[in-house]
Amino acid sequence: MKIKELDAASLTPRELNSQIKQYASSYDKIIIRNPNAMHYLVAGVVDETEIELDGSVGYFAGTMCDGTKIKINGNAGWFVGDNLTDGEVVVEGSAGDGAGQGIYGGTVVVRKSVGSRTGEIMKNGTIIIGGNSGFMTGIFMMGGKIIILGDVGEDLAESIIRGEIYVKGEISSLGYNAKIGEITAEDKKELKDTLSGYGFDLDESEYNDFKKVVPESKRPFYGH
């Protein structure tokens, strides 16, 4: 495996992103030291390489990436994994508001808790939250799957159009057009396969705790 290490301590986000794109096509893995919670890191990378950020990052980490595997060994600010098309973004700590906003595919994983509006206007793909998620999680969700192992704040799935949200913990309240649907044995199997693939090892009985939230109507703004 060809590995390139970059030190971000004396670089601007623009300079660092330029170097990442320069090396992404020729190295299997890029390790970024001292990211220092800078915003907009690893933006618009479309190569199938691994990128590891050894520390915390700011807003829009991993925005508009396609096929890249990003690991953040710390916390992330708002909108981590924004508009991801394919690949994955894994945050080992917590993240701010809007995790996985607008994703078209791929997987966004936050091992601890996140802020509000997780998965806002997401079209497809998967978001996994290992802790709690704030208010209006899944607002205007158009497709895909959100899995939350902790509790969720008010107005879950506000104005959801398509997609599914699975919550293991408590739900404060449902938003407009959201309802609790029937969770099947097949749903539980898919949950287990997805979660175990990212190191979330639950007891078999814990899968009975999940609630499945789906749209009440496919046309919430124009009647049933």
Over all distinct alpha-carbon pairs, what is the Kirkwood Rh of the stretch 55-136 in angstrom?
11.5
Using the alpha-carbon atoms, what tilt in degrees (0 to 90, nearest 10) does helix 185-196 show relative to the longest principal axis of the chain?
20
Applying the gyration tensor rule to the Cα atoms of the stretch 53-98 (axes a ≥ b ≥ c; rounded if a/c under 1.5, else prolate if a/b exceeds b/c, else oblate), the class is oblate
Within the stretch 158-221, how many Lys pairs sit with Cα atoms under 21 Å apart, leaving out pairs fewer than 8 places apart on the same chain?
16
FRET efficiency for residue 198 and residue 18, using Cβ-Cβ distance with R0 set to 30 Å, rounded to 0.05:
0.45
Restricting the count to DSSP beta bridges whose residues both fall in the chain, what percent are antiparallel, rounded to a multiple of 5?
15
Going by the alpha-carbon gyration tensor, a ≥ b ≥ c the square roots of its eigenvalues, is the stretch 102-167 rounded (a/c under 1.5) or, if a/c is not under 1.5, prolate (a/b greater than b/c) versus oblate?
oblate
Straight distance only, please: which lysines reach the Cα of residue 2 with their own Cα at less than 18 Å, same-chain residues fewer than 8 apart left out?
21, 29, 69, 71
I'd like the Karplus ³J(HN,Hα) series for the stretch 50-59: coefficients 6.51, -1.76, 1.60, θ = phi - 60°, whole numbers in Hz, and an x wherever there's a Gly or Pro.
9, 10, 10, 9, 8, x, 8, 10, x, 6
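If you average 1/r across every pair of different Cα atoms in the stretch 39-185 and take the reciprocal, what Kirkwood value do you get, in Å? Kindly include the intermediate steps, with their values, before the conclusion.
Values: mean 1/r = 0.0692 Å⁻¹.
14.5 Å is the Kirkwood radius here.
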Using only the Cα atoms of the stretch 1-95, construct the convex hull and provide its projected area averaged over every direction, in square nanometres to one decimal.
4.8
Along each of its three principal axes, how wide is the spread of alpha-carbon positions in the stretch 146-197, in whole angstrom units, largest first?
30, 21, 16
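Take the solvent-accessible surface of the protein heavy atoms, probe 1.4 Å, and return the percent of it on the chain that carbon and sulfur atoms account for. If you can, show how the numbers build up before the last one.
On the way: 4580 of 10030 Å².
Result for the chain: 46 percent of the exposed heavy-atom area is carbon or sulfur.
Students often check this: by mean Cβ neighbours within 10 Å, which of 141-149, 85-93 ranks highest, and how do the rest follow? Don't jump to the answer; show the numbers that get you there.
Details: 141-149: 22.9, 85-93: 21.3.
Ranked by mean Cβ neighbours within 10 Å, highest first: 141-149, 85-93.
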The chain: angle of helix 13-24 to the longest principal axis, Cα-based, in degrees nearest 10
90
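The values are calculated or read from the model by the stated rules, or taken from the named source; none is laboratory data. The model shown is predicted, which means the values in this text are computed figures rather than measured ones. Because the Cβ atoms are built from the backbone with ideal geometry, glycine has one as well, and the counts that use them run over all protein chains shown. Note: accessible area is taken over every heavy atom of the protein model, side chains too, but ligands, DNA and RNA are not part of it. Shrake-Rupley method; radii C 1.70, N 1.55, O 1.52, S 1.80 Å.
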